[in-house]
Amino acid sequence: MTESRGSAPHTGSEPRPEGSVSAPPGDPAAVLAGVGASWTWLLGSAFATLIPGILVLVWPEETLHILAVLLGLYLLVIGLFRFVSVFGHREQGNRFAALLISVLYVLAGVLCLRNPLQTIAALSLIVGIVWLVSGVLTAYTAIASKDLPHRGFVLCAAAIGIIAGIVVLALPTESARALTRLLGLWMVLIGLVELAVAFAWRAALRRAVSAGPRDPASPY
């Protein structure tokens, strides 16, 4: 899920189009902040959701073992993206929420990979909880962030995640094939929404460069 970041303070320096923050050269936190706040990092996160979703839809007859491994890797990769994005947050409250989301994704990925022969119902439960909780936390950080330039996109992504989590958790689990397709469909939809957020963030960065020294608030 896409997260929201707090606004960057007005420093009076030249704008930083990739969302980096002032720090000593070579500082690992500063490097991660610059990477995590860039629109290309958002784009990578979106593709990390979109591609597995397409694979699940294209191969609906795949075994539970393959599905569990695919979902586990998807969750771990997204957890890594979310962890790096934590360093791009300016507000402590938003950093804590982002860190919770990253830990949630990693734990869920480990659960999927730990027992790849578990049922589709168990996999759906894990993914549904992750989407629901991360969607709620993303909505919170989007609302709490100051001067977020495209709050509507981030709230839309949060809403999609919440709805996806509720639908996956609420549907019956009799048909493994139907739930597999449902998971793939929601992953594709979430990935497309995150693509929109990434390109909106790129536009916001370009406007910040043209307008002056103030960085826009990062959406991720």
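Rule-based calculations on the coordinates, nothing more; no lab input. Being a predicted model, the structure only gives us computed values, none of them experimental. Please note: Cβ atoms are built from the backbone with ideal geometry, for glycine as well, and neighbour counts cover all protein chains shown.
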Can you list which of the GluC sites (Glu not before Pro) found in the stretch 60-132 are DSSP loop residues with at most 12 other C-beta atoms within 10 Å? E61
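Listed highest first by mean packing, meaning other Cβ atoms within 10 Å per residue, what order do 118-124, 190-196 come in?
Values: 118-124: 18.0, 190-196: 20.4.
Packing order, densest peptide first, comes out as 190-196, 118-124.
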What does the extension gain come out to for V110 and A203, with contour length at 0.36 nm per residue minus their alpha carbon separation? 29.9 nm
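Show me the trypsin sites (Lys or Arg not before Pro) within the stretch 84-160 that DSSP assigns to loop and that have at most 12 other Cβ atoms within 10 Å of their Cβ. Could you put the intermediate results ahead of the total?
Working: sites: R90, R95, R114, K146, R151; in loops: R90, K146.
Those satisfying the criteria are K146.
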How many nm is it between the label spots at V167 and T119, if each spot is 7 Å from the Cα in line with the beta carbon? 2.3
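Return the FRET efficiency for the residue pair A176, A30: r is the Cβ-Cβ distance, R0 is 41 Å, and the value is rounded to the nearest 0.05. Let's see the in-between values first.
Working: r = 46 Å, r/R0 = 1.13.
For R0 = 41 Å, the calculated efficiency reads 0.30.
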